[in-house]
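The block underneath contains the structure these notes are about, expressed in structure tokens.
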Amino acid sequence: MNRQSWRGLTLALMLGASAGALASTAACAQAPAAAPASRPWLDPKLDADARADLAVKAMTQDEKLTVIFGYFGADMGTKYKRIAEALPGSAGYIPGIERLGIPAQFQTDAGVGVATQGGEPKKRERTSLPSGIASTATWNPDLAQAGGAMIGSEARDSGFNVMLAGGINLTREPRNGRNFEYGGEDPWLAGRMVGAQIKGIQSNAIVSTIKHYALNGQETGRFVLDAKIGEADARTSDLLAFQFAIEDSDPHSVMCSYNRVNGDYACENDFLLNKVLKQDWAYKGYVMSDWGATHSGAKAVNAGLDQESGAEAFDKQTFFRAPLKDALAKGEVTQARLDDMARRILRSLFASGVVEKPVKITTIDYAAHAKVTRADAEEGVVLLKNDKGLLPLVASAKKIVVIGGHADVGVLSGGGSSQVYPIGGRAVTGEGPASWPGPMIYFPSSPLKALKARLPGADIQFADGKDKAAAAKLAAGADVVLVFATQWNGESFDSPLTLENDQDALIDAVASANAKTVAVLETGGPVLMPWLSKVGGVVEAWYPGSEGGEAIARVLTGEVDASGRLPVTFPASLDQLPRPTLDGDPKKPDDLFAVDYTIEGAAVGYKWFDKKGHQPLFAFGHGLSYTTFAYENLKAEAKGDALTVSFDVKNTGKRTGKAVPQVYVSPKAGGWEAPQRLAGFKKVELAPGASTKVTLTVDPRLLATWNEKAHGWSVAAGDYTLSLGASSRDTAAKADVAVAARSLPVGLMKP
Ligand code: BGC
């Protein structure tokens, strides 16, 4: 099925006004225009606001209407042909204004690298980071920033100046097919990690988005579902994640989502766009719609949408063309608002550096980039279970059996618009859907080959796992068995939490034959593990990207420590979830329905599990290391407005490793959405016997509740308990601290 029909959208054949007729060509992005006195907005010494004001004053009405209207950059069969100026297979294109020296906007997906939507496979090949959830599992913002900087440079060197990355929808629904693109279930962790990635992308003088704003929590019915939630709950959960990331990284664009929120579509939602984003947070960039998420002209514009994306290919009408002109003529949209739309877009082009540093297609150093993605992938691998020290694989292991998951040839990746095409071609073909949201792609980085290279003395055999009995027989005599299992997730569909293609039975059969079995999972997010008690070890490797096989082998062999930690709760069963049955019917994509987020409110993920007293399969924050750590001397101090927490971390084991101490906070008086919130974390590397002192400052909003009356945050005076440990369910030490009452502004606070 193609991308368009999956979206259930009608193609608008309104190709009357061609992009070429309206404005310039790609060439205008190639050379920075000089700043003669007649074009003062091109003076880089002025700030972006002043430059945008000057440019908008000089623009004609047609030029303003040009920069707010986006084209899809890829062909859609016979139904839509990309315009010639767009880069082939790209997500989008907005013409520049040559007369004014304003470059065209060349848009590319997305969060793991330069993703394309068709075209010649060889030309589509780029480096892929591990999935967003895998990068978040590193709990290492420096790696997220380095990864962002790397993919942003590939975007720039591929000719793109707008990268549609920055996915930060909280994991409200573990079955959400796009969880792999996002930053997990906690606003602070997601905000820090996704913010760091955006900062990295924008360090290349290009625009990054943050998306999908907001409450786009599942793929089933994504074009129609109405997310019901109270204001305080939204502000304390999903919106807070956006707020933290925006504060950290100042993304130049926000992408509004497909779904409705409390009745209105997100891209025509006055509360989300005008009130929260632009008024409360004083956001200065522009809002672009998701592709097919614009539903009106005047209503959307007046609610705060600044740019219609992929309009001719995806929207029911080209709303920002004739309908908007009509609305302007009738006074339903003011000229001042159109000026504001153009101004915001231009401001972002000036503020990002896109105008001064035009993008240019040039050679990419893939070898250097492979190291960046490998470092990210290996720190994201989470060792969930490791009985009797099965891992790391010891040099004395003579016979190792590797089974399943195409581990002989590659590693899985997630499907949909964020799909990056692998350098060297696809490792597996003929599995999964051939077209949107496929194809299902395995990157040609083989865990088996990477293991063999590291363990030359061992006899390592592989079975594809299709024949369970044969796999079990081969496993029976081995020193260690590694069963690889995959679950393909992608945009436009949700996934059950069970492994497909009988893989649960395969793991069960192999583990029954040999208890020294380690399950290595390549999944988009949490899965259930009916075989858990039978296996000796479990490793969550997510979708590990271009160098995934190397990264997995480095962790399995102990060349590096296992240092990932879960950014999501793994439930033990579906009935532990706020919605045991997923709302909506994939077979009826046009039927309107609501998803009731008032059930859990702001108690997303571990907060729900804590509140309900559910025992998860694996808790948020969990992950083992190959060494052991002690957490000591916890002190919490409230001084003036700052709450600081300090403690010592000591490596008490025999090898170098990385700890991720986590601090959770709870009010003694209760009254929050859940018993505790993550208040801070830090990843530290320590040699055996070494220790280090960590000091964290707790963001005051993590101590506060939303005060609707005051339209701001309130911290209640009282005693708060800070718990330090290795996960949300592990406490090594506790400290109480008295905190004074405090009011906090609704707006952005600089970190
Ligand atoms: C996705 C966005 C993406 C856009 C452009 C949509 O289907 O939801 O995340 O950026 O397409 O390809």
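The values are calculated or read from the model by the stated rules, or taken from the named source; none is laboratory data. It should be emphasised that the depicted structure is a prediction, and the values quoted were computed from it without experimental measurement. As a convention, Cβ positions derive from the backbone with ideal geometry for all residues, glycine included, and neighbour counts pool all protein chains shown. Quick note on the areas: whole protein, heavy atoms, side chains included, nothing else; ligands and nucleic acids left out. Shrake-Rupley method; radii C 1.70, N 1.55, O 1.52, S 1.80 Å.
Take every DSSP beta bridge with both residues inside region 3-352 and express the antiparallel ones as a percent of the total, to the nearest 5.
Restricted to region 3-352, the bridges split so that about 40 percent are antiparallel.
What is the percent of Cα-Cα separations in region 3-352 that go past 30 Å?
The proportion of pairs with Cα distances above 30 Å equals 30 percent.
Among the complete DSSP H segments of the chain, which ones combine at least 20 Å of alpha-carbon extent along their axis with a mean Kyte-Doolittle hydropathy of -1.0 or more?
Counting only whole DSSP H runs, the qualifying helices are 141-157, 187-202, 335-352, 366-380.
Would you work out which of 524, 470, 501 lies farthest towards the positive end of the dipole of region 424-553, given +1 charges on the beta-carbon of Lys and Arg and -1 on that of Asp and Glu, about the Cα centre?
The Cα lying farthest towards the positive end belongs to 470.
Lys/Arg Cβ at +1, Asp/Glu Cβ at -1, dipole of the chain taken about the Cα centre: which of 634, 748, 168 is farthest positive-ward?
634
Taking the Cα centre of region 629-744 as origin, sum charge times position over the Cβ atoms of Lys and Arg (+1) and Asp and Glu (-1), and report the length of that vector in debye to the nearest 20. Walk me through the numbers before you get to the answer.
Working: 16 positive and 11 negative charges, 75 e Å.
It works out to roughly 360 debye.
Taking the Cα centre of region 3-352 as origin, sum charge times position over the Cβ atoms of Lys and Arg (+1) and Asp and Glu (-1), and report the length of that vector in debye to the nearest 20. Working shown, then result.
On the way: 38 positive and 40 negative charges, 125 e Å.
It works out to roughly 600 debye.
Relative to 2.2 N^0.38 Å, what does the C-alpha radius of gyration of region 101-238 come to as a ratio? Two decimals please.
Scaled against compact globular proteins, the figure is 1.08.
Ranked highest first by the average count of other Cβ atoms within 10 Å around their residues, in what order do 427-438, 675-686 fall?
Ranked by mean Cβ neighbours within 10 Å, highest first: 675-686, 427-438.
Given the chain, what percent of its DSSP beta bridges are antiparallel, to the nearest 5?
Numbers: 64 of 104 bridges.
Of the beta bridges lying entirely in the chain, close to 60 percent run antiparallel.
Quickly rank 111-118, 485-492 as a protection proxy: mean count of other C-beta atoms within 10 Å, highest first.
The densest-packed peptide leads the list: 111-118, 485-492.
Whenever you get a sec, compute what percent of the accessible area on region 224-305 sits on carbon and sulfur atoms (1.4 Å probe). Intermediate results must be reported in sequence, preceding the final value.
Values: 770 of 1660 Å².
Of all accessible area on region 224-305, carbon and sulfur atoms account for 46 percent.
Go through 211/316; 468/534; 607/668; 639/682; 278/750 and tell me which ones have a Cα-Cα distance over 18 Å in this structure.
On the way: 211/316 22 Å; 468/534 16 Å; 607/668 16 Å; 639/682 21 Å; 278/750 16 Å.
Violating the 18 Å limit, Cα to Cα: 211/316; 639/682.
For region 53-194, what is the percent of antiparallel DSSP beta bridges, rounded to the nearest 5?
Antiparallel bridges make up about 80 percent of those DSSP assigns within region 53-194.
Given just the C-alpha atoms of region 373-556, how large is their convex hull per residue in cubic angstrom?
On the way: hull volume 19.0 nm³, N = 184.
Considering the Cα atoms of region 373-556, their hull volume per residue is 103 Å³.
Using only the Cα atoms of region 629-744, construct the convex hull and provide its projected area averaged over every direction, in square nanometres to one decimal.
Across all orientations, region 629-744 yields a mean hull projection of 7.0 nm².
Based on Cα positions only, what radius of gyration and what Dmax would you give for region 300-349, in angstroms?
11.1, 30
Could you give the spread of the C-alpha atoms of the chain along their three principal axes, from largest to smallest, in whole angstroms?
77, 61, 50
Do the sum for the chain: with -39,500 (n - 2.57) for every DSSP H run of n ≥ 4, divided by all residues, what is the mean residue ellipticity at 222 nm, to the nearest 500 deg cm²/dmol?
Numbers: 20 runs with 182 residues, N = 751.
Calculated from helices alone, the mean residue ellipticity at 222 nm is -7000 deg cm²/dmol.
Averaged across orientations, what area in nm² does the convex hull of the alpha carbons in region 317-390 project?
For region 317-390, the mean projected area of the Cα convex hull comes to 11.6 nm².
How large is Rg over Rh for region 563-664, taking Rg from the Cα atoms and Rh as the Kirkwood inverse mean of 1/r across Cα pairs? Don't jump to the answer; show the numbers that get you there.
Details: Rg = 19.5 Å, Rh = 17.3 Å.
Result for region 563-664 is an Rg/Rh of 1.13.
Starting from the Cα-Cα distance between residue 498 and residue 360, subtract it from 0.36 nm times their residue separation and give me the gain in nm to one decimal.
Details: separation 138, 0.36 × 138 = 49.68 nm, distance 4.48 nm.
Working it through step by step, the gained length comes to 45.2 nm.
Under 12 Å from a point 7 Å along the Cα-to-Cβ line of residue 707: which residues of region 730-749 have their amide N that close?
741-746
Can you give me the C-alpha center-to-center distance between region 618-683 and region 455-528, rounded to a whole angstrom?
One Cα centre to the other: 33 Å.
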